[in-house]
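Working notes, beginning with the structure itself.
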Amino acid sequence: MPNYRIAPSILSANFATLGREITDVLASGADIIHFDVMDNHYVPNLTIGPLVCEAIRPLTDAIIDVHLMVKPVDRIIPDFAKAGANIITFHPEGSEHIDRTLGLIKECGCKAGLVFNPGTSLNYLDHVMDKLDMILIMSVNPGFGGQKFIPEALNKLRAARKRIDEFGRDIMLEIDGGVKIDNIAEIARAGADTFVAGSAVYGAGKDSDPHRYDTVIAALRAELAKV
Ligand code: DX5
Ligand code: ZN
């Protein structure tokens, strides 16, 4: 079985108690914290920046996976590196010079990744595979949590998995958007190894027992065990 990683998106957490939301989800078995940065320009929503990343960094040694939905993207990258980000991913549409932006992320000491919107071609991978630590396939159009999974993303995952296998180096393949208990196994079969889940995880703790995420994370893992 591949080394599957579950990455709750704090976009769906309760921001009034964000620190506890993060420590609770990690104590419940999450592997990675997915940190969605939206700029009200590249995407029609505005979220959190480096100050919040810096504030949560002392709470955990877990990987903070910063997903930049920002245009232009370069200026903010060193700030996130200083704030303790481990992985920084960006959309090709957010950069004038993709190779340079990937190099900048590496120079700042972080792992680097490219993000593909539902309508964005994987051809952007053609000449930069050697610079990538992660490929992130969006299964919704970016900007909001709680959207429905777009099934075409499965074909794209299969194509990305093929490229990674042919390249022959370990590159994380992450999926983001609409991941739930009832589709995570199918998504894993298509080749993903890292699963962002926002509303599925944080939504599960909202009603009855806030801050309790062990049941939903165990259910996601049980589905992955069937793959
Ligand atoms: C969307 C974000 C996602 C989002 C996922 O633009 O990048 O990370 O929070 O949320 P769910 O899992 O609710 O689709
Ligand atoms: Zn995201």
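The values are calculated or read from the model by the stated rules, or taken from the named source; none is laboratory data. Because the structure is predicted, anything quoted here is derived from the model rather than measured. Using ideal geometry, Cβ is built from the backbone for each residue, glycine included, and neighbour counts are taken over all protein chains shown.
Table for the structure above
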item	result
Hits in segment 174-196 - residues which are away from ligand 2 (no atom under 11 Å from the Cβ), over 10 Å from Leu220 (Cβ atoms) and not in a helix (DSSP H, G or I)	Gly178, Asp182, Asn183, Ala190, Gly191, Ala192, Asp193, Thr194
Pair list, Cβ < 7 Å and 6+ apart or interchain, from segment 35-62 residues that are under 23 Å from His91 (Cα atoms) and in a strand (DSSP E or B) to residues that are of a type in the set (Gly, Ala, Ser) and within 16 Å of ligand 1 (Cβ to nearest atom)	Asp36/Ser9; Val37/Gly49; Met38/Gly143
Matching residues in segment 1-13 - criterion: being more than 13 Å from ligand 1 (Cβ to nearest atom) and either among the aliphatic types (A, V, I, L, M) or in a helix (DSSP H, G or I) (or both)	Met1
Number of the condition not met by Tyr202 [criteria: (1) touching a helix residue (DSSP H, G or I) at 6+ places or on another chain (Cβ under 6 Å); (2) within 24 Å of Glu93 (Cβ to Cβ); (3) within 14 Å of ligand 1 (Cβ to nearest atom); (4) not aliphatic (A, V, I, L, M)]	(2)
Residues located in segment 120-134, provided they are in a loop (DSSP other than H, G, I, E, B) and in contact (Cβ under 8 Å) with a residue 40 or more places away in the chain	Asp133
Subset of segment 14-30 [closer than 26 Å to Pro78 by Cβ and either within 16 Å of ligand 1 (Cβ to nearest atom) or at pLDDT below 95 (or both)]	Phe15, Leu18, Ile22
From Asp214, Asp133, Asp193, residue being surrounded by 15 or more Cβ atoms within 10 Å (Cβ to Cβ), modelled with pLDDT under 95 and over 24 Å from Asn40 (Cα atoms)	Asp214
Test: residue in segment 138-157 that is outside any loop (DSSP other than H, G, I, E, B), in contact with a Phe, Trp or Tyr (Cβ under 8 Å, 6 or more places away or on another chain) and touching a residue at least 60 places away in the same chain (Cβ under 8 Å)	no
Residue in segment 131-143 that is in contact with a helix residue (DSSP H, G or I) (Cβ under 8 Å, 6 or more places away or on another chain), away from ligand 2 (no atom under 15 Å from the Cβ) and farther than 24 Å from Ser199 by Cβ present	yes
Meets criteria (surrounded by 16 or more Cβ atoms within 10 Å (Cβ to Cβ) and on the phi > 0 side of the Ramachandran plot) for Gly84	yes
Where Ile22 falls short, out of the listed (1) under 16 Å from the mean Cα position of the chain (by Cα); (2) in a helix (DSSP H, G or I); (3) in contact (Cβ under 8 Å) with a residue 60 or more places away in the chain	(3)
Within segment 2-20, tally of residues that are charged (D, E, K, R) and within 16 Å of ligand 2 (Cβ to nearest atom)	1
